[in-house]
Amino acid sequence: MPLISQAELAEYDALLERHPKTAEPPHYVVYTNSPQPFKRAMESIRSHAARTIVIDNRALFDESPSPQELIAYPIRVYKPDCALYIAQVLTLLMTMTQQMGHEYFTWMHDDADVPAGAFEELLAYVEAKEVEDPLWSICFTRTEGGQADVLCAYHVGPCLAIGGYDWLSFPSYHADAHFYGRLIVAGYHQYQTNILVGHSKNNDRTLNTSTLRFKAHCAYDEASRKYWYEVKERDGLPG
């Protein structure tokens, strides 16, 4: 007896059709609840609207304006059935990109500010790695504050080969560092492009306003750093 019926397969295919598609490798912007920084972020990549998909990740009862209300020109938007943890969002982006048939995607925070020419420089860097290094996994940029993934590129094959993000153990805080560490241990390569991008330090972020969550973030940070230091020491990994 088949595990899934034809009717269920048809229903699944119909759900996939809800996902916007792009002819070029997609660029995702994950919108949560930062309307003004989001507007600035979208304006900074307006020339790449044809490849941009906004993930509307507002909570169910969030009263923030929708992406369509904030942006004057037509945009592609995908809204999950419920708000997702960041680890779930990134794994969703991997599978959406794979289903479109693209090798990689770029994504950025909804409060990023991409200077003129920076996005094109990142795309050129990634296209070069596509030719040079089949084991590339992440290409980072940088901010003045030292963040590496406010705008970055993911190679879908390696990312899904390790199972995507661990959204059970690390659903939110420090899921990214945990994921990058797993890629290193699996033998995939990560690159810092040193392309400079801006980042609005949005003061209404949960991380800034919740002391308890901030302490939890710091605890995960310390535990993760200790774990990956021990792994690198044991296996002789660089960095």
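The values are calculated or read from the model by the stated rules, or taken from the named source; none is laboratory data. Quantities reported herein were computed from a predicted structural model and do not represent experimental measurements. Cβ placement follows ideal geometry from the backbone for every residue including glycine, while neighbour counts extend to all protein chains displayed.
Here is a list of conditions, (1) more than 25 Å from residue 39 (Cβ to Cβ); (2) free of Cβ contacts under 8 Å to residues at least 60 places away in the same chain; (3) in a helix (DSSP H, G or I), and residue 168 meets all of them except one; can you say which number that is?
Residue 168 satisfies every listed condition except (3).
For region 126-141, indicate whether the set of residues that are touching a Leu at 6+ places or on another chain (Cβ under 6 Å), within 24 Å of residue 36 (Cβ to Cβ) and of a type in the set (Val, Ile, Thr) is non-empty. Can you show your working first?
The first filter runs over region 126-141 and keeps only residues touching a Leu at 6+ places or on another chain (Cβ under 6 Å), leaving 137, 141.
Then drop every residue that is not within 24 Å of residue 36 (Cβ to Cβ), which leaves 141.
Now narrow it down to the ones that are of a type in the set (Val, Ile, Thr): 141.
Yes; the residues of region 126-141 include at least one that is touching a Leu at 6+ places or on another chain (Cβ under 6 Å), within 24 Å of residue 36 (Cβ to Cβ) and of a type in the set (Val, Ile, Thr).
Out of region 63-84, which residues are surrounded by 12 or more Cβ atoms within 10 Å (Cβ to Cβ) and touching a helix residue (DSSP H, G or I) at 6+ places or on another chain (Cβ under 8 Å)?
Within region 63-84, 64, 65, 67, 70, 71, 75, 77, 78, 80, 84 meet the criteria.
Within region 73-93, does at least one residue satisfy the condition of being among the polar types (S, T, N, Q) and in a loop (DSSP other than H, G, I, E, B)?
There is no residue in region 73-93 that is among the polar types (S, T, N, Q) and in a loop (DSSP other than H, G, I, E, B).
Taking the condition within 15 Å of the chain's Cα centre (by Cα), under 17 Å from residue 176 (Cβ atoms) and among the β-branched types (Val, Ile, Thr), does residue 54 pass? Explain how you work it out, then say what you get.
Working: within 15 Å of the chain's Cα centre (by Cα): yes; under 17 Å from residue 176 (Cβ atoms): no; among the β-branched types (Val, Ile, Thr): yes.
For residue 54, the condition - within 15 Å of the chain's Cα centre (by Cα), under 17 Å from residue 176 (Cβ atoms) and among the β-branched types (Val, Ile, Thr) - is not met.
In this structure, is residue 84 in contact with a Leu (Cβ under 8 Å, 6 or more places away or on another chain), within 24 Å of residue 24 (Cβ to Cβ) and touching a residue at least 24 places away in the same chain (Cβ under 8 Å)? Let's see the steps before the verdict.
Values: in contact with a Leu (Cβ under 8 Å, 6 or more places away or on another chain): yes; within 24 Å of residue 24 (Cβ to Cβ): no; touching a residue at least 24 places away in the same chain (Cβ under 8 Å): yes.
So residue 84 does not fit the description; no.
Mind listing just one residue for me: the one in region 57-69 that is in a helix (DSSP H, G or I) and under 21 Å from the mean Cα position of the chain (by Cα) and, of those, nearest to residue 36 (Cα to Cα)? Step through it out loud before you land on a result.
Of the residues in region 57-69, the ones in a helix (DSSP H, G or I) are 67-69.
Checking which are under 21 Å from the mean Cα position of the chain (by Cα) leaves us with 67-68.
Numbers: 67: 11, 68: 13 Å.
For region 57-69, the residue satisfying everything is 67.
Report the residue count in region 127-152 for those that are of a type in the set (A, V, I, L, M) and buried (at least 22 other Cβ atoms within 10 Å of the Cβ). Talk me through it step by step, then tell me what you get.
Kept after step one, since they are of a type in the set (A, V, I, L, M), are these residues of region 127-152: 128, 131, 135, 138, 148, 150-151.
Narrowing further to those that are buried (at least 22 other Cβ atoms within 10 Å of the Cβ): 138, 150-151.
So the count comes out to 3.
Residues of region 135-165 being in a strand (DSSP E or B) and of a type in the set (Ser, Thr, Tyr), which ones? It would help to see each step written out before you state the result.
Here is the first cut: in region 135-165, the residues in a strand (DSSP E or B) are 136-142, 151-155.
137, 141, 154, listed by residue number.
Could you check region 94-134 and list, in sequence order, the residues that are assigned to a helix (DSSP H, G or I), within 23 Å of residue 21 (Cβ to Cβ) and among the aliphatic types (A, V, I, L, M)?
Just the residues of region 94-134 that are assigned to a helix (DSSP H, G or I), to begin with: 94-100, 118-132.
Right, trim to within 23 Å of residue 21 (Cβ to Cβ) and you get 94-100, 119-120, 122-123, 126-127, 130.
Answer for region 94-134, where residues must be assigned to a helix (DSSP H, G or I), within 23 Å of residue 21 (Cβ to Cβ) and among the aliphatic types (A, V, I, L, M): 94, 96, 100, 122, 123, 126.
Those residues that are surrounded by 22 or more Cβ atoms within 10 Å (Cβ to Cβ) and of a type in the set (Phe, Trp, Tyr), I need them from region 85-105; list them, please.
The answer is 104, 105.
Enumerate the pairs (first residue in region 174-195 and in contact (Cβ under 8 Å) with a residue 12 or more places away in the chain; second residue anywhere and of a type in the set (Gly, Ala, Ser)) with beta-carbon separation below 6 Å, excluding pairs fewer than 6 apart on the same chain, so at least 6 apart or on different chains.
Pairs found: 174/224; 175/87; 177/224; 178/224; 183/137; 188/137; 190/137; 195/118.
Looking at region 18-29, which of its residues are under 27 Å from residue 121 (Cβ atoms) and modelled with pLDDT under 95?
Matches in region 18-29: 20, 21, 22, 23.
Mind checking which pairs have a first residue in region 114-135 that is touching a residue at least 24 places away in the same chain (Cβ under 8 Å) and a second that is part of a loop (DSSP other than H, G, I, E, B) and surrounded by fewer than 18 Cβ atoms within 10 Å (Cβ to Cβ), Cβ under 7 Å, 6 or more apart or different chains?
130/103; 135/187
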